[in-house]
1. Of all residues in the stretch 185-198, which are open to solvent by 70 Å² or more (accessible area, probe 1.4 Å) and under 18 Å from residue 158 (Cα atoms)?
2. Take residue 58 and decide whether it is open to solvent by less than 20 Å² (accessible area, probe 1.4 Å), within 20 Å of residue 14 (Cα to Cα) and touching a residue at least 60 places away in the same chain (Cβ under 8 Å).
3. Please work out if residue 105 is over 30 Å from residue 145 (Cβ atoms) and open to solvent by less than 70 Å² (accessible area, probe 1.4 Å).
4. For the condition out of contact with any helix residue (DSSP H, G or I) (no Cβ under 7 Å at 6 or more places or on another chain) and open to solvent by less than 60 Å² (accessible area, probe 1.4 Å), what is the one hit in 40, 18?
5. Cβ contacts < 7 Å: first residue without any contact (Cβ under 8 Å) to a residue 60 or more places away in the chain and farther than 20 Å from residue 79 by Cα, restricted to the stretch 32-51; second residue part of a helix (DSSP H, G or I) and of a type in the set (D, E, K, R), any location; separation 6+ or different chain. Result?
6. Just the residues that are out of contact with any Leu (no Cβ under 8 Å at 6 or more places or on another chain), part of a helix (DSSP H, G or I) and polar (S, T, N, Q), please, taken from the stretch 31-77.
7. Restricting attention to the stretch 108-125, does a residue exist that is among the small types (Gly, Ala, Ser) and surrounded by 16 or more Cβ atoms within 10 Å (Cβ to Cβ)?
8. So, in the stretch 95-136, of the ones that are of a type in the set (D, E, K, R) and under 17 Å from the mean Cα position of the chain (by Cα), which residue ends up nearest to residue 37 (Cα to Cα)?
Amino acid sequence: MFERFTDTARRAIVLAQSTAREMRHPRIEPDHLLIGLRLSEGMAARTMEAVGVDAASLRQRLEDERRAMVTAEVLEVPFSAEAKTCLEFSLRAALALGHDHIGSEHLLLGVLREAKERGRSLDGLLGASAAEMHDHLMGALAARAVEEPGMLSPGLRSALARARAQAGGSPVTTGDLLLAVLSDDNSHATRALGDLGIDVERVRPALDAVAVASTSDAVELGESVVLTTGTTTCRITDPEVVAALSRLGADELREALRNALALTVPGGAAG
C-alpha cells in the first residue's frame, strides 16, 4: 500500500499512528495525520511551520477535542475511512503534479482536500489558515519545479525562458508567463485556449488594461525615488542610484538630470 510513499511520508504516518495510540484513540484520523506531518521533516512540516502551526498546540487542541474518543489501550490502531480517503487523495495529488512518488507534501494536500470535500474547517485545530497553508505549499511546489528542470515539460521550460526574457529583468508575472505560453502555437495550453477563441492577440491588450499593482503579482518595492517631468513620471528603484540621489542637493540633482538628458539627444550638450 505504501510502496510509493517516501521515507518522510512513511515517518509521518508512523508518527500519526503513535499519536493515536498514545492518546488512546481507536482509529487514525486525518487530524492524527496532521500531527504526524508537523512532527516529521520535509516540505509539509516546513509549510506548517511557516504559517504558524505549532506541534505542541496542535496536539493539545486535538486531545481537547477528542476526549470522548479515549478508549482502552490498543496495540493496533487502524485507519479511519476518512484517513484512508486522505491517502487516496495524496496519490491523486502526486499524479496531478506529475510526480512518481508520494511525499509529505502530497499527504498534506490529501488531508486538506479531504477536509474540504467534507466541508470541514481545519483552521481552529491548526491555529492557522488552512487556505494559506495550501497556497504556501503550492507556491513551494512551483518553486521546486522551476529549480528541477526534469519536472517541467519542454514547452513549459521554453515558456519560462521567454517569460523571463520579456520581463526584462523585472519579476516575472503570471501575465508574462501567459503571453509566453500563448506565443507557442503548438503548446498544450495554446491549443486548448485556441478552441475557446483565446489567443495572444486578444490576451495582450487585456493584460495591458489591468494594473499589475492591483493584483497578487504586485511586488513590494523597496526604497525608491519618483521623478516627474511634465507628463512623464519615472520611478527609480536601483538601490545604489537611490542612495546616490538621496545624497544630492537640489541644485546638484538638477545639474545631473540636465547632463543625463543631454546625452539622450543627438548632438545635445550639457548646460
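The values are calculated or read from the model by the stated rules, or taken from the named source; none is laboratory data. Remember, it's a predicted structure, so these values are computed and weren't measured experimentally. Because the Cβ atoms are built from the backbone with ideal geometry, glycine has one as well, and the counts that use them run over all protein chains shown. All accessible areas refer to the heavy atoms of the entire protein, side chains included, with ligands and DNA or RNA removed. Shrake-Rupley method; radii C 1.70, N 1.55, O 1.52, S 1.80 Å.
1. Listed by number, the residues that qualify are 185, 186, 188, 191.
2. The answer is yes for residue 58.
3. Spelling it out, it is not the case that residue 105 is over 30 Å from residue 145 (Cβ atoms) and open to solvent by less than 70 Å² (accessible area, probe 1.4 Å).
4. After ruling out the rest, the residue left standing is 18.
5. Cβ pairs passing all conditions: 45/38.
6. Hits for the stretch 31-77 are 57, 60.
7. The answer is yes, given that some residue of the stretch 108-125 is among the small types (Gly, Ala, Ser) and surrounded by 16 or more Cβ atoms within 10 Å (Cβ to Cβ).
8. In this case the residue turns out to be 105.
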